[in-house]
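This report concerns only the one structure given below.
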Amino acid sequence: MTKHEIPKKHPRFESLRTRECIIDGMHQKIVAEAGLIAHGRGEAFDYILGEKTPEFALRQEIFAVVTMLVAQHPVISVNGNVAALCPKEIVNLSEALEAPLEINLFYRTEEREAAIKEVLMKAGAESILGIDPSYQNTITEISHLRRIVDTRGIASSDCVFVPLEDGDRTIALRKLKKDIVTVDLNPISRTSLTSTVSITNNITRAVVEMTEFVNEFKDYSRSKLLEEKNRYNNKDLLQEALQFMSSRLLKLANEGNIFENL
Ligand code: PTJ
């Protein structure tokens with residue numbers, strides 16, 4: 001299935017290009033059908049954000065990166081939407097952090113696992129966890145197929161990056177005393193509210209910026225990283241995200257400048 005041609009000059013080019021990645025990903029069995037709905041929800045929040053990274057999100061990203069850098073065994077969980085939207089970028093983050101990639105799907109099928117593995121390998125990944133049955137373990141606290149995890153990855157990790165996640169698994173992994181880092185454009189989703197660190201930004205921007213922060217912070221001593229980590233608090237940053245979104249809408253409403261996006 002070929003992507004639709006989107007003229008580069010189209011004022012909504014980036015948004016339409018991203019949407020095509022998701023649709024194309026669904027045809028290639030990378031993205032679940034429900035992934036299209038999840039993407040639409042994300043688009044709506046990104047519209048309110050102004051489709052660019054606000055300053056508070058950069059601080060959330062630093063908080064996320066230092067949390068992963070101080071972890072003993074950080075792991076990056078990949079689902080269909082992430083694999084379709086930013087395969088190369090998530091592989092780059094994995095390399096910079098030296099954190100393995102693990103495929104872990106809500107709508108789990110072998111066909112989708114193989115399609116996601118292929119797209120990650122094409123993007124440069126050298127090994128992918130989560131698909132070899134001889135390393136499977138189950139997390140009984142999780143009720144759906146996401147309970148199947150890799151003994152070398154999520155099962156033994158102390159910090160899991162779970163972008164575009166559903167709340168149940170976040171809560172279950174937190175109960176297992178793992179730190180959870182997420183990217184979710186909805187600052188009041190159960191995932192955002194229950195994670196250790198939540199990034200209220202589009203995954204397509206967040207992962208690139210996080211990799212830049214890893215390169216900036218990775219030579220810091222452990223005590224400096226912990227000092228940096230202790231400067232932040234997830235609840236305060238989520239409140240800033242809500243304040244940013246609501247004041248942006250209020251500004252548009254009060255100043256009458258509703259045509260700024262045209
Ligand atoms: O590939 P699978 O089978 O593991 O399924 C993946 C989906 C995304 C379908 C599954 O995890 C799901 O249903 O997720 P939810 O519960 O819809 O949550 C997804 C969250 O991600 C929502 O809060 C969206 O607002 C948010 N979101 C969607 N697109 C983006 C996003 N956040 C950041 N960047 C995006 N591009």
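The values are calculated or read from the model by the stated rules, or taken from the named source; none is laboratory data. Keep in mind that what you see is a predicted model, and the values were worked out from it rather than measured. Note that each Cβ is placed from the backbone with ideal geometry, even for glycine, and that neighbours are counted across all protein chains shown. With ligands, DNA and RNA removed, areas are computed over all heavy atoms of the protein, side chains included. Shrake-Rupley method; radii C 1.70, N 1.55, O 1.52, S 1.80 Å.
Side notes on the structure shown:
- The residues neighbouring residue 135, those whose beta-carbon lies less than 15 Å from its own, together hold a net charge of -1 under the Lys/Arg +1, Asp/Glu -1 convention.
- Within region 15-37, backbone nitrogen closer than 17 Å to the virtual label 7 Å beyond the Cα of residue 248 toward Cβ: 15-16
- Within-11-Å neighbourhood charge of residue 189 [Cβ basis; K, R +1; D, E -1]: -1
- Percent carbon-and-sulfur accessible area, region 68-176, ignoring ligands, DNA and RNA, probe 1.4 Å: 49 percent
- A straight Cα-to-Cα reach below 18 Å connects residue 251 with the lysines 52, residues fewer than 8 places away in its own chain not being considered.
- Projected label points at residue 231 and residue 24, each 7 Å from Cα along the beta carbon direction, are separated by 3.9 nanometres.
- When all alpha carbon pairs of the chain are counted in 5 Å bins from zero, the resulting P(r) reads 1, 6, 13, 17, 19, 18, 12, 7, 4, 2, 0, 0, 0 %.
- Accessible-area composition of region 195-254, carbon plus sulfur, in percent [1.4 Å probe]: 50 percent
- Straightening the chain between residue 239 and residue 188 buys 17.4 nm, computed as 0.36 nm per residue apart minus the Cα-Cα spacing.
- Calculated accessible area for the chain comes out at 50 Å² per residue, all protein chains present (probe 1.4 Å; ligands, DNA, RNA ignored).
- Cross-link reach list, lysines versus residue 177, counting only Cα pairs under 26 Å and skipping chain neighbours closer than eight places: 218, 224, 229, 235
- Among 33, 89, 227, residue whose mean-square fluctuation peaks in a GNM of the chain (springs only between Cα atoms under 10 Å): 227
- When shorter helices are ignored and each DSSP H run of at least 4 residues is given -39500 (n - 2.57), the per-residue value for the chain at 222 nm works out to -16500 deg cm²/dmol.
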